[in-house]
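Below you'll find the structure, written out as structure tokens, and then a few comments.
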Amino acid sequence: MITVLSDYTVIVQTANKLGAGTDATVKIKVEGTKGIAERNLEGSFEQGDYETFHFSDWDIGYVKGLEIYRGNEGAFPGWDLEYIIIKVVGATDSIFNYHERVRSGWTTLTLSCNDGNVINSQGYCDVADVDECKKPYTCISPAKCENTVGSYKCHCPKGYVLKPGTNNQCQDVNECLRRGPCNYRRSTCQNIPGDYRCNCKAGYRNKDTKTCININECTMGIDSCDKTSSDCIDSDGTFWCRCKKGYYQGANNKLCVAVECGPIVPPASGTFEPARCTQVNSNVFRDKCHLKCHEGYAISDVSQGTLTCGSRGRWEGTVGTCQPVSCPKLPAFSNGGLLPSSCTSSGGKYPNKCSYYCSSGYSLQGGQFRQCQADGTWDGTAPTCTKILAKPWIRCPDHIILDLLPGKSSADVSSVWKEPTSNVEPAQITISPPEISSSYQFPPGTTKVTWTASNVEGSQRCSSYVIIYDKEAPTVANCPQEILEISSGPKAVTWVEPTFRDNVKVTKIDTSHTSGSIFEMGSTYVSYTAEDAARNTAFCKFKVQLKRLECYEPNGPDGGTKQCNEFGGSKFCTVTCNSGSQLYREAASYWQCKKGVWTPNDVIPDCVEASLKDPNTSCQENQFVMNITNVFGTNLYCAKCPTGAYKSSITDCNPCPAGSYNDQQGQLQCTLCPTGTSSLPGAKSALDCKAPCTAGQFSKTGLGPNCQYCPRDSYQDKVQQKSCTPCPNDTHTLSLGAKSLAECGARPKVNRMVPVVANIKEGESVSVVCYASGTPTPSYFWKFLKNIPASFLGSMSQTSIKDGIGVVIGSKLTITGATYENSGLYECRVSNTHGEHTALAQVNVAKVIDIGSGLDEPL
């Protein structure tokens, strides 16, 4: 290792004033840019001395700092220093001015420089440089200027060189003149200021400005290959289309042509679609052709008849055949038959016909022939064979007598119902009232049923009676128990009225008293009597008793005692609070009860901790100012709020709100009841927090545990309630504990049918409207009471009838294009959550036959 030494000269100037010199040891510690050197200075250091020291040491770089040490030995250790100069060969002088008395120990001196020199960024003195780069046009763009000590340099950026004969101008280098800067197969070279660019040829793209790479037209989706017929294959600078199965190569390897198939010869009674299928030079690979049979014919096998042009130019699939459409077999013909017999055994094929004939004694009414149509159905409708009629007769069944079943408002007589006997067809027998049938629900009482048999020879009628007895008495709900109230004289007493329900209807309710009547002192019996139309009755009876108020012993006080006595029918109580307590806001200490009334009031307040208030001081934070006035004057106390209350201001306490409590005096707030519980205002304990009554329940306080279900015909949709709301507008509930108004309802009822009987001809249309009421609004359902296939009937549709505010009040059944088979009873059934009701309408459809005059006449 080679040690580099430098020579250092240190000049020390001692102040020129009395007592400035020192006898103590002097050391210096020099800090350079490369290290630190420490030396003892052996000098006289007398007043006004200018002393020079020379030494060599390892190279510490440029001087940037100095510390001086003065010992404390000798007779005169004190020392006044003016400055120290350090000289180093090749560097400017480093001057450390002090001009003060040097204290013992180490002292740091501050560096300063000679005129024309400055402390540079590295902390040592250096020549002050002139930055020529700040002068305009020192270096001409694009040359960049670099300042140097005492001079400057101009640098050309990449792609430029200094212009010959100058030191501050640059000229462009044409890189394209050099050999091979760009790949000539893929690009052309373009010189640009300070650089060059390789411009890519077709099929290539720039990876950067000097490199061109192949474009994969296939993955980028910019190729022209048809994806249906070919796959794109990439190559250097281009691409080609590789043909798929069913295609062959076209021009430039970038086109694939589909293989062709020849024309198809269709089978008898059919053709192929589209039209190109049977044409020359019109079908190519993957084209499909479908067999279409002529009207009245169908393909024999649905899995056949579809052909696809194959990849080898041949049709793939089975041609198939077209067979005549089959019509279903016709139903057996009453009082006649069909020819040929296959019409009823196997049906027919397009376009064959079937012929109807009647047995002896009957005549054919309607068309004789029906033809199998192209859509597989028979045209027209089946005719009928009408018996040559005699004058009608009819015999009615026996009367029906039944009792209503328990809980039912109408009777089902279907098990004992019988139809009359007659010599005419059932369709020629009408019934009155028209809504009556075996499924009709008969009301209590007597219903007369009349049947009429008619034909062209006349008519005959008979009647039977359906007698339904109602032997079920009404029921009573919510009959009050004995009512006991305290009063000093006659008063009005209220109660929840009992409700009566009947399986049919309550027609009359008699009562001895109504809720709110004035009752005399003592006991009075209240009675309700309910009656239905059959004179069945139900009773509700209870006692209302008024008693005079007794003097009970009042509760309290908490925090004190009371002593009570009786004399002459009156009761007296003396109240005493524990030491340090006062009655809350009450000056009295003596309570008296006469005729059930306590004075000064009916509640003895709690004793609260209290002390007389000092006029000059405020009460504590948990106290309020309580004003007590008596015959001796007014006193102010600093008192705590009682249990069940909290401090609301400096002069007042408020009861704890519902849902909270306080079991301690002097509280600033109340404690919330546990989750799922609540309390009445002023609760004093967590035990006062109880579960609230839920929806559908009530109690005297709105809280448990003695919650009761809402009576029938009432509801409650809120929690923590003291009563229930009666159902409005004669609506009822189905059970106890109703939780919403929606549970109040009324059994639906059909109010009227318009018309009850409708008479029309075949082919005409008719509408029947069913009007009903009920809560909630009932749903409507129509039913034709004959089991006839829909294909034999006219079109039937149902629409709602609404009032001016959009409420459904009825339903309209419309029959369009009626047939003779539409004749019969139509049932309208209405239903909601409270029950259902039905009513009937009769529709009579007269047959129309062609009598040869060009006019249709009913038969």
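The values are calculated or read from the model by the stated rules, or taken from the named source; none is laboratory data. None of these values were measured; they are calculated from a predicted model. Neighbour counts are summed over all protein chains in view; Cβ atoms, including those assigned to glycine, are modelled from backbone coordinates with ideal geometry. Just the protein is used for accessible areas: all its heavy atoms, side chains included, with ligands, DNA and RNA removed. Shrake-Rupley method; radii C 1.70, N 1.55, O 1.52, S 1.80 Å.
Take the residues of the range 580-630 that are among the hydroxyl-bearing types (S, T, Y) and modelled with pLDDT of 90 or more: which is nearest to C670 (Cα to Cα)?
Among those residues, the one meeting the criterion is Y584.
Can you pull out the residues in the range 552-603 that are assigned to a loop (DSSP other than H, G, I, E, B), among the aromatic types (F, W, Y) and under 27 Å from T634 (Cβ atoms)?
Our first condition is that a residue be assigned to a loop (DSSP other than H, G, I, E, B); within the range 552-603, this holds for 552-559, 568-569, 578-580, 584-589, 595-596, 600-603.
Applying the additional criterion that residues be among the aromatic types (F, W, Y) yields 552, 584.
Correct list: Y584 only.
What's the number of the only condition in (1) loosely packed, with under 15 Cβ neighbours inside 10 Å; (2) in contact (Cβ under 8 Å) with a residue 60 or more places away in the chain that G48 fails to meet?
Condition not satisfied by G48: (2).
Exactly one condition in (1) among the aliphatic types (A, V, I, L, M); (2) farther than 30 Å from P498 by Cβ; (3) under 60 Å from the mean Cα position of the chain (by Cα); (4) part of a strand (DSSP E or B) is false for V544; which is it?
(2)
If you take the residues of the range 162-218 that are among the hydroxyl-bearing types (S, T, Y) and open to solvent by 50 Å² or more (accessible area, probe 1.4 Å), which of them is farthest from I140 (Cα to Cα)? Lay out the reasoning, then the answer.
Let us first name the residues in the range 162-218 that are among the hydroxyl-bearing types (S, T, Y), namely 166, 184, 187-188, 196, 204, 209, 211.
In the following step, the residues that additionally are open to solvent by 50 Å² or more (accessible area, probe 1.4 Å) were identified as 184, 188, 209, 211.
Values: Y184: 36, T188: 32, T209: 27, T211: 32 Å.
Here the answer is Y184.
Mind counting the residues in the range 584-597 that are touching a residue at least 24 places away in the same chain (Cβ under 8 Å) and either within 60 Å of the chain's Cα centre (by Cα) or open to solvent by 60 Å² or more (accessible area, probe 1.4 Å) (or both)?
Residues that pass the stated criteria total 6.
Are any residues in the range 293-314 in contact with a Ser or Thr (Cβ under 7 Å, 6 or more places away or on another chain) and in contact (Cβ under 8 Å) with a residue 40 or more places away in the chain, and if so, which ones?
Selection gives Y297 alone.
Just a yes or no: is a residue in the range 344-364 touching a residue at least 40 places away in the same chain (Cβ under 8 Å) and in contact with a Leu (Cβ under 9 Å, 6 or more places away or on another chain)? Show your work before the answer.
In the first step, residues of the range 344-364 are kept if they are touching a residue at least 40 places away in the same chain (Cβ under 8 Å); the result is 350-351.
Among the residues that remain, those that are also in contact with a Leu (Cβ under 9 Å, 6 or more places away or on another chain) are: none.
Checking the range 344-364: not a single residue is touching a residue at least 40 places away in the same chain (Cβ under 8 Å) and in contact with a Leu (Cβ under 9 Å, 6 or more places away or on another chain).
Which residues, counting only those in the range 508-519, are open to solvent by 80 Å² or more (accessible area, probe 1.4 Å) and under 27 Å from L734 (Cβ atoms)?
As a first pass, look at the range 508-519 and keep what is open to solvent by 80 Å² or more (accessible area, probe 1.4 Å): 508-509, 518.
Of everything in the range 508-519, those that are open to solvent by 80 Å² or more (accessible area, probe 1.4 Å) and under 27 Å from L734 (Cβ atoms) turn out to be K508, I509.
Against the condition in contact with an Asp or Glu (Cβ under 9 Å, 6 or more places away or on another chain), modelled with pLDDT of 90 or more and open to solvent by 30 Å² or more (accessible area, probe 1.4 Å), how does R276 come out, does it pass? So that I can check it myself, show each step before the final result.
On the way: in contact with an Asp or Glu (Cβ under 9 Å, 6 or more places away or on another chain): yes; modelled with pLDDT of 90 or more: yes; open to solvent by 30 Å² or more (accessible area, probe 1.4 Å): yes.
When the stated conditions are applied, R276 passes them.
With (1) open to solvent by 50 Å² or more (accessible area, probe 1.4 Å); (2) over 60 Å from the mean Cα position of the chain (by Cα); (3) free of Cβ contacts under 8 Å to residues at least 40 places away in the same chain as the list, and K418 as the residue in question, which single condition is left unmet?
For K418, the failing item is (2).
I need the full set of residues from the range 186-199 which are more than 60 Å from the chain's Cα centre (by Cα) and touching a residue at least 12 places away in the same chain (Cβ under 8 Å), in order please. Spell out how you get there, then give the answer.
So in the range 186-199, the residues more than 60 Å from the chain's Cα centre (by Cα) come out as 186-198.
Selection gives R186, S187, T188, C189, Q190, N191, P193, G194, D195, Y196, R197, C198.
Can you find, within the range 257-273, the residue that is least open to solvent (accessible area, probe 1.4 Å) among those that are at pLDDT 90 or above and within 56 Å of the chain's Cα centre (by Cα)?
Ranking the qualifying residues of the range 257-273, first place goes to F272.
Quickly run through the range 438-459 and pick out the residues that are closer than 19 Å to Q842 by Cα, crowded, with 18+ Cβ neighbours inside 10 Å and in contact (Cβ under 8 Å) with a residue 60 or more places away in the chain.
Answer for the range 438-459, where residues must be closer than 19 Å to Q842 by Cα, crowded, with 18+ Cβ neighbours inside 10 Å and in contact (Cβ under 8 Å) with a residue 60 or more places away in the chain: Y440, A453, N455.
Residues that are open to solvent by 60 Å² or more (accessible area, probe 1.4 Å) and among the charged types (D, E, K, R), at least 3 per element: which strands (runs of 3 or more DSSP E) completely within the range 610-706 meet that?
Details: elements: 624-630, 633-639, 645-649, 652-655.
In the range 610-706, no matching strands (runs of 3 or more DSSP E) lie anywhere.
Scan the range 776-815 residue by residue and report those that are of a type in the set (D, E, K, R) and either in a strand (DSSP E or B) or within 17 Å of M753 (Cβ to Cβ) (or both). I'd like the intermediate steps shown before the answer.
As a first pass, look at the range 776-815 and keep what is of a type in the set (D, E, K, R): 783, 786, 802-803, 812.
Scanning the range 776-815 gives K783, K802, K812.
Could you check the range 1-45 and list, in sequence order, the residues that are open to solvent by less than 90 Å² (accessible area, probe 1.4 Å), part of a strand (DSSP E or B) and of a type in the set (V, I, T)?
T9, V10, I11, V12, T14, V26, I28, V30
Which residues, taken from the range 391-415, are open to solvent by 70 Å² or more (accessible area, probe 1.4 Å), modelled with pLDDT of 90 or more and farther than 29 Å from G835 by Cβ?
Correct list: W393, R395, D398.
Is there a residue in the range 373-390 that is closer than 30 Å to T430 by Cβ, exposed (fewer than 14 other Cβ atoms within 10 Å of the Cβ), touching a residue at least 60 places away in the same chain (Cβ under 8 Å) and not hydroxyl-bearing (S, T, Y)?
Yes, the range 373-390 contains at least one residue that is closer than 30 Å to T430 by Cβ, exposed (fewer than 14 other Cβ atoms within 10 Å of the Cβ), touching a residue at least 60 places away in the same chain (Cβ under 8 Å) and not hydroxyl-bearing (S, T, Y).
Of the residues in the range 162-190, how many are in contact with a helix residue (DSSP H, G or I) (Cβ under 6 Å, 6 or more places away or on another chain) and modelled with pLDDT of 90 or more? Lay out the reasoning, then the answer.
Going through the range 162-190, the residues in contact with a helix residue (DSSP H, G or I) (Cβ under 6 Å, 6 or more places away or on another chain) turn out to be 181, 189.
With modelled with pLDDT of 90 or more added as a condition, the list becomes 189.
Of the residues in that region, 1 qualify.
If I filter the range 559-583 down to residues being surrounded by 14 or more Cβ atoms within 10 Å (Cβ to Cβ) and out of contact with any Gly (no Cβ under 9 Å at 6 or more places or on another chain), which single residue comes out as nearest to R548 (Cα to Cα)?
My answer is K571.
Out of all the residues in the range 355-368, is one or more within 60 Å of the chain's Cα centre (by Cα) and surrounded by 13 or more Cβ atoms within 10 Å (Cβ to Cβ)? Don't jump to the end; show me each part of the working.
Keep residues of the range 355-368 that are within 60 Å of the chain's Cα centre (by Cα), which gives none.
For the range 355-368, residues within 60 Å of the chain's Cα centre (by Cα) and surrounded by 13 or more Cβ atoms within 10 Å (Cβ to Cβ): absent.
Considering only strands (runs of 3 or more DSSP E) fully contained in the range 243-308, which possess at least 2 residues that are closer than 30 Å to D375 by Cβ? Show your work before the answer.
Details: elements: 247-249, 256-258, 270-273, 288-293, 297-299.
It comes to 270-273, 288-293, 297-299.
Looking at the range 229-249, is at least one residue farther than 25 Å from F285 by Cα, in contact (Cβ under 8 Å) with a residue 40 or more places away in the chain and touching a Gly at 6+ places or on another chain (Cβ under 7 Å)?
yes
Which of the strands (runs of 3 or more DSSP E) found entirely inside the range 352-429 contain at least 2 residues meeting this: within 30 Å of I299 (Cα to Cα)?
Working: elements: 353-358, 362-365, 369-371, 384-387, 400-403.
Ranges flagged: 353-358, 369-371.
Under the condition of being outside any loop (DSSP other than H, G, I, E, B) and touching a Leu at 6+ places or on another chain (Cβ under 7 Å), which residue from the range 816-838 is farthest from R752 (Cα to Cα)? Write out each step before concluding.
Narrowing the range 816-838 to residues outside any loop (DSSP other than H, G, I, E, B): 816, 820-822, 824-832, 835-838.
Those left that are additionally touching a Leu at 6+ places or on another chain (Cβ under 7 Å): 821-822, 824-827.
Numbers: E821: 25, N822: 22, G824: 18, L825: 15, Y826: 14, E827: 12 Å.
Top of the filtered list is E821.
Name the residues in the range 477-502 that are assigned to a strand (DSSP E or B) and surrounded by fewer than 18 Cβ atoms within 10 Å (Cβ to Cβ), would you? Let's see the steps before the verdict.
Of the range 477-502, the ones assigned to a strand (DSSP E or B) are 477, 483-486, 491-492, 499-501.
A477, I483, L484, E485, I486, K491, A492, R501 - these are the residues of the range 477-502 that are assigned to a strand (DSSP E or B) and surrounded by fewer than 18 Cβ atoms within 10 Å (Cβ to Cβ).
Got a number for residues in the range 62-76 being small (G, A, S), part of a loop (DSSP other than H, G, I, E, B) and modelled with pLDDT of 90 or more? Full working, then the answer.
Going residue by residue through the range 62-76, those that are small (G, A, S) are 65, 71, 74-75.
The next check asks that each one be part of a loop (DSSP other than H, G, I, E, B); those that pass are 71, 74-75.
When the remaining residues are screened for being modelled with pLDDT of 90 or more, the result is 71.
Count: 1.
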